[in-house]
1. At 222 nm, what helix-only mean residue ellipticity would the chain give, in deg cm²/dmol to the nearest 500, using -39500 (n - 2.57) for each DSSP H run of four or more?
2. Counting only pairs 8 or more residues apart or on different chains, how many lysine pairs in the stretch 6-145 have their Cα atoms under 28 Å apart?
3. What length, rounded to one decimal in nm, is gained on full extension from ALA197 through to THR391, with 0.36 nm per residue of separation minus their alpha-carbon distance?
4. Would you mind computing, in nm to one decimal, how far apart the modelled labels at TYR284 and ASN236 are, each placed 7 Å from Cα along Cα→Cβ?
5. Count the net charge of all other residues whose Cβ sits under 13 Å from the Cβ of VAL198, scoring Lys and Arg as +1 and Asp and Glu as -1.
6. Can you match P(r) over Cα pairs in 10 Å bins from 0, in percent to one of these, (i) 4, 16, 19, 18, 16, 13, 8, 5, 1, 0; (ii) 4, 21, 31, 27, 14, 3, 0; (iii) 4, 16, 19, 16, 13, 10, 9, 7, 4, 1, 0, based on a calculation from the structure here?
7. With unit charges on the beta carbons (Lys and Arg positive, Asp and Glu negative) and the dipole taken about the Cα centre of the chain, which residue among TYR201, CYS370, VAL305 sits farthest to the positive side?
8. Round to the nearest 0.05 the FRET efficiency obtained for GLU52 and ARG323 when R0 = 45 Å and r is the Cβ-Cβ distance.
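The values are calculated or read from the model by the stated rules, or taken from the named source; none is laboratory data. In this text the structure is predicted, and so the values were computed from the model without any measurement. Using ideal geometry, Cβ is built from the backbone for each residue, glycine included, and neighbour counts are taken over all protein chains shown. Note: areas computed on protein heavy atoms with side chains; ligands, DNA, RNA excluded. Shrake-Rupley method; radii C 1.70, N 1.55, O 1.52, S 1.80 Å.
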Amino acid sequence: MENNTIHVRMLGTFSLSRGDQEINDNGNRSKKVWLLLAYMIYSRGRPVSNEELSALLWSEGGDSVNPLNALKTMFHRVRSSLDQLGEGSGHELLLRSRGGYSWNGKAPLTLDIDEFEALCHKAEKAKSTEETISLCLQAVELYEGDFLSKLSSEPWVVPIAAYYHQLYLQTVLELLPLLRQTGRIAEIVRVCRSAIAVEPYNEALYCHLLRSLLDLGEDREAAKVYEEMRDLFYANFGIMPSEEAVSLYREAVRTVNDRTLSPDSVLSQLRETSKDRGALYCDYDFFRAIYQALARALERSGDAVHLGLISVCDKDGAELPKRSLDRVMENLQDTIRSNLRRGDVACQCSVSQFLLLLPQANYENSCMVCSRVVKAFARQYPHSPATLRVTVHPLEPNLL
């Protein structure tokens, strides 16, 4: 019976296997062949009418002159593909019924989405931590990608894919604290990396991964993961990571010496080695630390410090297309660094904005500095589609 069972995978790659034979959607067959086959398997247990199938295959309006003949042709192609699982498999598995077709419910079949869902629900009812971990691990191992990922734009696929995606994410986020509780840190790293490949915009996954890499002493890798996450969030949403993620990053990049240092060694390590004449350019979280340090110092000194904000938009004040914006931001960064003093600090604070920290400069001088940057950019890139808008604000002392 096992050799006669059809094993179907729909999470990630769509494939069917029987014995040592397999077909999958990695080949060059028509997308409609795989769409029709997937729909028939998912709709197993009920007959599907010709009208429903025609609407599925030709919903974009490219109706055939004779839709019934076109449908017969498509089923012939699907059956030919199924015949690779064994002679006659196509007619065995896809049955003609009055006014439509159905999947043969008597043919033994396993489906990864059914197994995945069952494991997730069993894990919810497990009576011990070890049993929960075991069931969750089995479930997440089954999830090799979103439901029918190559058909993700099909309207009927979208809500089903969203359901399994959410169930997967929920299972992973329940599993990770249990792995930490039982000291299985390396497994957290493995599960997080797989989950981030599926859901690259969930910050909780990154925080679990960063914390675990730090626990394993892989500080450099943790810093790399954070920087990749920060750039991804910048590029797609124009937002910064949370304070929790930033705190983990700071822990990853801090330098702690394993021996006592002489004063000369301390000064040597602190001394800047860069010969750049322009502003100090840094990440937003380090910029915040510098800003907060200067705000504290203002309580006593009363020195003038101003903050410049340069925003990029098109000539009508709307957002630039992403490709144009990326090029403008790269060019503007170079312009900022070369037109500020060495004592100034700059960073990118959103997908379309830069912050400038201008110590020992009054309001008028700070406006002149920002104007110099804008004019230099216009001179160097006269055909740029960007308009630069500038605001200048005094840095408020920290009076807490």
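1. Details: 15 runs with 213 residues, N = 400.
Calculated mean residue ellipticity at 222 nm is -17000 deg cm²/dmol.
2. On the way: LYS31/LYS72; LYS31/LYS106; LYS32/LYS72; LYS32/LYS106; LYS72/LYS106; LYS106/LYS122.
Taking the stretch 6-145 as the scope, the lysine pair count is 6.
3. On the way: separation 194, 0.36 × 194 = 69.84 nm, distance 3.93 nm.
Taking ALA197 through THR391 to full extension adds about 65.9 nm, to one decimal.
4. Going by the 7 Å Cα→Cβ label model, 1.6 nm.
5. Details: positive: ARG193; negative: GLU141, GLU144, ASP146, GLU199.
Net charge around VAL198: -3.
6. Recomputing P(r) over Cα pairs in 10 Å bins from 0, in percent here gives the entry labelled (i).
7. Ranked along the dipole, the leading option is CYS370.
8. Details: r = 41 Å, r/R0 = 0.91.
Using R0 = 45 Å, I get an efficiency of 0.65.
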